[in-house]
Amino acid sequence: MFEVPAILTQPTRAEARQYLTDALTAELGQAPSTDTVALLMAQVGQETYGDFHALFCHNFGNITTDGSWLTVYFKLNHRDARENANKYRAYPTFTDGARDMVSFLKSRYRSAWKYLLTGEPEPYVAALKSAGYFGGDLGIYTRNVRTLYNQFGGKVPPPLSVAAASSSWERLPRLSRGHSGEVVKVVQAVVGAEVDGVFGDLTLARVREWQGSHGLDPDGIVGPLTWQKLLQRTK
C-alpha cells in the first residue's frame, strides 16, 4: 500500500459524462441509456458536493481502499490526525477511476445495480443505503440525487395525483420507512412532510403525528385504515 497526496482532480460536466459513459459501455458491452448515465452522474455529484467540486485523485465515488489500491488521505470531519482520516482509492487517470466505480457498484451493490440500469433514482438510492454504501440521511441523499438526476437529463416523473396512485384506498400499497416513489408523495402532501417521494425519518415522524391526531394507532405504517383517512382529506 502506497500513500499519495490528495490532489483535487475536477472534471467538467461534459468530461464526467464522457468518462462515465465510456466506463458503463465497457462494462455492459453496449451504450448505456441516457437515464443510466444521468443517475450515475447524479450519484457522483452527490458524493463530490454537487458538481464534482471535491473529486480527489480521479476517485468518482469516494471509494475507500481495502489496502490493495494506492491510498490517498483527505479529511472529512476537520480531523488533523492522519490516523483518523479515511483512506480512499487513488487512480492515475479519470478512465481508471470511472471504470473502477462502475465495476465496484456492479460487484458490491447488486441490489442497486438493476435500478441504475433502469434509471430509477429513488429505489437506487434506497438499495445503496440498505447495502451500506452511505451512512447519511436517506431522504437528503435521495432528494439531492433526484435533483442532480433531473439536471443531468434524467427522466422527470409524471405529475402527482391521487388518482394516479389508485382510486381506492383498499388497493393502495402498505407503506413504511424505506419506501419511495410517487405514492409516497401522496402521503407526504397530506401529513405535511416535504414532498420528495422518500419515506425517511422525517416523513415517519409526520405520519405518526398525523395518525395520532386522527384517532389512529401512531405506528408510522400507512396501511388500509390510514389510507382511508388520508384519502378522505384529499377530496
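What the table shows:
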item	result
Restricting segment 8-29 to residues that are part of a loop (DSSP other than H, G, I, E, B) and touching a residue at least 60 places away in the same chain (Cβ under 8 Å), the residue that is surrounded by the most Cβ atoms within 10 Å (Cβ to Cβ)	PRO11
Filtered residue count, segment 27-53, keeping only those that are acidic (Asp, Glu) and closer than 13 Å to ALA16 by Cα	1
Subset of segment 184-217 [assigned to a loop (DSSP other than H, G, I, E, B), at pLDDT 90 or above and exposed (fewer than 15 other Cβ atoms within 10 Å of the Cβ)]	GLY215, ASP217
Residue that is surrounded by the most Cβ atoms within 10 Å (Cβ to Cβ), among those in segment 30-60 that are among the polar types (S, T, N, Q) and within 16 Å of ALA90 (Cβ to Cβ)	ASN59
Every pair of residues 6+ apart whose Cβ atoms lie under 6 Å, when the first sits in segment 85-114 and is within 16 Å of ASP22 (Cβ to Cβ) while the second is among the hydroxyl-bearing types (Ser, Thr, Tyr) and at pLDDT 95 or above	PHE94/TYR19; ALA98/TYR19
Long-range neighbours under 8 Å by Cβ, at least six apart or interchain, first residue surrounded by 15 or more Cβ atoms within 10 Å (Cβ to Cβ) and of a type outside the set (A, V, I, L, M) within segment 132-144, second at pLDDT below 80 and assigned to a loop (DSSP other than H, G, I, E, B)	ASN144/GLY50
Segment 99-118 - residue that is in contact with a Ser or Thr (Cβ under 9 Å, 6 or more places away or on another chain) and crowded, with 19+ Cβ neighbours inside 10 Å and, of those, nearest to ASP35 (Cα to Cα)	LEU116
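The values are calculated or read from the model by the stated rules, or taken from the named source; none is laboratory data. Please read all numbers here as calculations on a predicted model, not as lab measurements. All Cβ positions, even for glycine, are placed from backbone atoms using ideal geometry, and neighbour counts span all protein chains on display.
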